[in-house]
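Undergrad: My questions will all concern the structure given below.
The values are calculated or read from the model by the stated rules, or taken from the named source; none is laboratory data. Computed from a prediction, not measured in an experiment: that's the story for all the values here. Quick reminder, even Gly has a Cβ in these numbers, built from the backbone with ideal geometry, and neighbours come from all protein chains shown. Please note that ligands, DNA and RNA were not included when accessible areas were found on the heavy atoms of the full protein model with its side chains. Shrake-Rupley method; radii C 1.70, N 1.55, O 1.52, S 1.80 Å.
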Amino acid sequence: MNLRLLLTSVVILLFASSTYAGAGYCAHGNNKRAAKTTVASPAEDYYDVKHLRFNINLTDTSVYVSGNVITNAVVTASSMSVYTFELDSSFTIDSAFVNGAMLPVTAVGWVRTMTLPTALIAGTAFNTQVYYHGLPPGGTGGFFNGITHSVSSGGTHMVFTISDPYVAKNWWPCKQSIQDKIDSVDMFVTVPAHVRDGSNGVLLSIDSVSTPGSWTFHWQTHYPIDYYLISVAVAKYREYRSYWHFSASTDSVLIQNFFIDTPTFNPAYKANFDSIGLFIDYFSSLYGRYPFWREKYGVCYTSLPGGMEHQTMTTIGVPNTYIIAHELCHQWWGDNVTYQDWRDVWLSEGFATFSEAVFLDHFWSPAAAKAHRQGLLYSALGDACGRVLVTDTSNSDSLFHQQTVYNKAQAVIRMLQYIAPSDSVFFSVLKTYQQNYALGHATTANFKALAEAAYGVPLDTFFNQWIYGRGYPIYKVSWNQSGSTVYVKLIQTRSCPSYTNHFSTPVEIQLHSLSVDTFIKVYNSLDTQIYMFDWAPTMTNAYLNQNVWTILKINGAITHDTKLSVGMLDQKEFKVYPNPTQNHWELQDTNEGLALSLSDITGRILWEGKSAQGTTQIPGAKLPSGNYVLRITGGSEESNLKLVHW
Ligand SMILES: [Zn+2]
């Protein structure tokens, strides 16, 4: 799903010369509805939905729905004496059947229950059929209504469904559990003959005979699908079909787009959507073959102020290529592998948002990608105590909180790429995740385990800081140059100090001269840390995070501190012998109990210990030759000594 304000920092059309006026923001804060953390009734988990057969009537001028839905399911509880489903209370149920027997339906709010004459035992297959009609509380804006009617500026009426996160009940009798993927769906939609409809899967047939003045579209999917990814869009559409042939393969995928069939539909928009095949090919190379290629990919163009990643058929209202890419990437992130729990929705939105800059980097330019990442990071930093993991899953605003679930999460993924042994290892983790959990569900812990296995290191600290934790580091930065030695000092504080004591994090430092720049990855593991580099060019400034690899904020201006150095004065107070050394060092004349830490010039801590009374050995026998920093802390006092190994 994408409902944010479009960033103005990025030029928005890839293949068209005209510009787009910009989309509005979905005022979802005004449309909050009661929501929940899981199914509305535990009785919905008594069964596993296998197949749905919709037979519904829709128009393009009203959200009125009538028809019936057949559910084929299998009992999973040891014994099931009731059949419970959700359907908004605005609907009238005309009749309802279980295994062909008509039964009464009782309601508590939108939770509907049928008491079975005989309890069904675990493993029993059964079917239900619910006939219903009504005018649900549809909206006009798009998100969080279930079903929407709107009229475009050109006067085109349209009706489309958006069930995310808990409003499928506003247009069909359903079980709203993300953990129960439906194995297959037949969608029969009857609409007036002047409009068409788009939906999931393959368009098998169009029946223009059975109902005079109307026609019935039969869509079918055999890929497992979550309830919130089932959709229908109805408008005066023109259909555009093409096939994209995958690189280095004889396979192809159908691309089936539905655009408003009026002269006002901008051909430049169509050109952007016509490029989807290229995008599918590129993301298939990164994440694995487009998951639903045997059926199709397509978009239904609507007035939606953003996009929604309905499986194999995105509903979209903006023509921006990076939004098109965002929704396309959801077909992997969210649709193919769905989060097991709504708290983990970053596994969908974070990766789709991350993919936007990946897209811009490849199809536009590194500069466009960088500007995009900077915009997203700037937004994320606006939430001082923001957390990626969702705390309140009953609330649409927190489930789809742009600054955290989208923008901070994509920055965390970017950082995970930065700490990877290589880009190929990073993308192999993404591909493996897609393969291992294909057409199913996964959790944050599942993803973390794959990354740890591939990286060969534990990532507890990383995930605790960035997914489960809150806030981010803030740096005061100063630098100095003495001959060919550069010193950079970082002082870290936190945006949300009550939650995180210290962020152990990589940081990219840029050394700048008039003729050359150097980018260095260092590890910041201390609140105050001095780094030194051998760098001969005459330095004019230092910068942090220019390539937007990590999450951080810079406190004030970066200063040139001509007094900044390592060990120049301190060494008179603490004696180190021998220095340089080929073996270990001895720190002499110390008091007992001073905290010692030895790090390399990138800030990676190699050894930590406490001083003894008199003399303390600093181990160095196995270290490669080079410069090191020994940090000595006692009370509020701190000294940094330059040690040399040769
Ligand atoms: Zn999204």
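Undergrad: Considering only the other residues whose Cβ falls under 14 Å of the Cβ of residue 430, what net charge follows from Lys and Arg at +1 and Asp and Glu at -1?
TA: Details: positive: 289, 414, 431, 448; negative: 423.
Surrounding charge for residue 430 is +3.
Undergrad: In the chain, carbon and sulfur make up what percent of the accessible area (probe 1.4 Å)? Please list the in-between numbers first.
TA: Numbers: 12850 of 24430 Å².
Whole-percent figure for carbon plus sulfur exposure: 53.
Undergrad: Taking the Cα atoms of segment 62-154 alone, what are Rg (to one decimal) and Dmax (as a whole number) in Å?
TA: 16.1, 56
Undergrad: Hey, another quick one. Quick check: the angle from helix 444-455's long axis to the longest principal axis of the chain, C-alpha only, nearest 10 degrees?
TA: 50 degrees
Undergrad: By a straight-distance test (C-alpha under 26 Å), which lysines pair with residue 50 as possible cross-link partners, with residues fewer than eight away in the same chain excluded?
TA: The qualifying lysines are 36, 169, 175, 181, 296.
Undergrad: To continue, here is another question. Around residue 471, with a cut-off of 14 angstrom between Cβ atoms, what is the net charge of the other residues, counting Lys and Arg +1 and Asp and Glu -1?
TA: Working: positive: 387, 408, 470, 494, 553; negative: 383.
Summing Lys/Arg as +1 and Asp/Glu as -1 gives +4.
Undergrad: I'd like the FRET efficiency for residue 615 and residue 423, computed as 1/(1 + (r/R0)^6) with the beta carbon distance as r and R0 of 51 Å, rounded to 0.05. Don't skip to the end; give the middle numbers.
TA: On the way: r = 46 Å, r/R0 = 0.91.
Efficiency, from the Cβ-Cβ distance: 0.65.
Undergrad: Something else now. With a Förster radius of 51 Å, plug the Cβ-Cβ distance of residue 92 and residue 510 into 1/(1 + (r/R0)^6) and report the FRET value to the nearest 0.05.
TA: Details: r = 66 Å, r/R0 = 1.29.
According to the calculation, E is roughly 0.20.
Undergrad: Right, next: Give the calculated FRET efficiency between residue 608 and residue 521 to the nearest 0.05, with a Förster radius of 22 Å applied to their Cβ-Cβ distance.
TA: Details: r = 21 Å, r/R0 = 0.97.
Between residue 608 and residue 521 the formula returns 0.55.
Undergrad: Calculate, in nm to one decimal, what residue 575 and residue 72 gain on full extension: separation in residues at 0.36 nm each, minus their alpha carbon distance.
TA: Details: separation 503, 0.36 × 503 = 181.08 nm, distance 7.98 nm.
Stretched fully, the residue 575-residue 72 segment lengthens by 173.1 nm.
Undergrad: Right, next: Can you give the helix-only mean residue ellipticity at 222 nm for the chain, where every DSSP H stretch with n ≥ 4 adds -39500 (n - 2.57) and the sum goes over all residues, rounded to the nearest 500 deg cm²/dmol? Walk me through the numbers on the way to the answer.
TA: Numbers: 11 runs with 112 residues, N = 646.
Taking each H run of at least 4 residues, the total per residue is -5000 deg cm²/dmol.
Undergrad: Could I ask something else about it? Expressed as a rounded percentage, what relative contact order does the chain have, with Cα pairs under 8 Å and six or more residues apart? Walk me through the numbers before you get to the answer.
TA: Details: 1538 pairs, mean separation 59.8, N = 646.
That works out to 9 percent.
Undergrad: Quick check: pseudo-label points 7 Å beyond the Cα along Cα→Cβ at residue 125 and residue 589, how many nm apart are they?
TA: About 8.8 nm separates the two model spin labels.
Undergrad: Between helix 423-436 and the chain, what is the angle of the helix's C-alpha long axis to the longest principal axis, kept within 0 to 90° and rounded to the nearest 10?
TA: Approximately 30 degrees, to the nearest ten.
Undergrad: Same structure, new question: Could you tell me the largest-minus-smallest coordinate of the C-alpha atoms of segment 570-645 on each of the three principal axes, in descending order and whole angstroms?
TA: Principal-axis extents of segment 570-645 (Cα, largest first): 31, 22, 20 Å.
Undergrad: Another question, if that's okay. May I ask for the angle, rounded to the nearest 10°, between helix 321-330 and the longest principal axis of the chain, with both axes built from Cα atoms and the value confined to 0 to 90°?
TA: Between helix and principal axis, roughly 80 degrees.
Undergrad: Using 0.36 nm per residue of separation minus the Cα-Cα distance, give me the extension gain between residue 62 and residue 562 in nm, one decimal.
TA: Numbers: separation 500, 0.36 × 500 = 180.00 nm, distance 7.12 nm.
Working it through step by step, the gained length comes to 172.9 nm.
Undergrad: Could you please state, rounded to a whole Å, how far the C-alpha centre of segment 597-646 is from the C-alpha centre of segment 236-296?
TA: 58 Å
Undergrad: Same structure, new question: How large is ³J(HN,Hα), in whole Hz, for each residue of segment 375-390 in order, when computed from phi with the Karplus curve 6.51 cos²θ - 1.76 cosθ + 1.60 and θ = phi - 60°, using x for Gly and Pro?
TA: Along segment 375-390, the couplings run x, 5, 5, 4, 5, 4, 5, x, 10, 4, 10, x, 10, 5, 5, 7 Hz.
Undergrad: Which far-off residues, 5 or more places away or on another chain, put their amide H under 5 Å from the one on residue 345, with H placed in the peptide plane?
TA: Under 5 Å from the amide H of residue 345: 390.
Undergrad: So, one more: Along the Cα→Cβ direction, 7 angstrom out, place labels at residue 547 and residue 534. What is the inter-label distance in nm?
TA: 2.2 nm
Undergrad: Could you give the length gained by full extension between residue 476 and residue 261, i.e. 0.36 nm per residue of separation minus their alpha carbon distance, to one decimal place? Could the numbers behind the result be given before it?
TA: Values: separation 215, 0.36 × 215 = 77.40 nm, distance 5.64 nm.
That works out to 71.8 nm of additional length.
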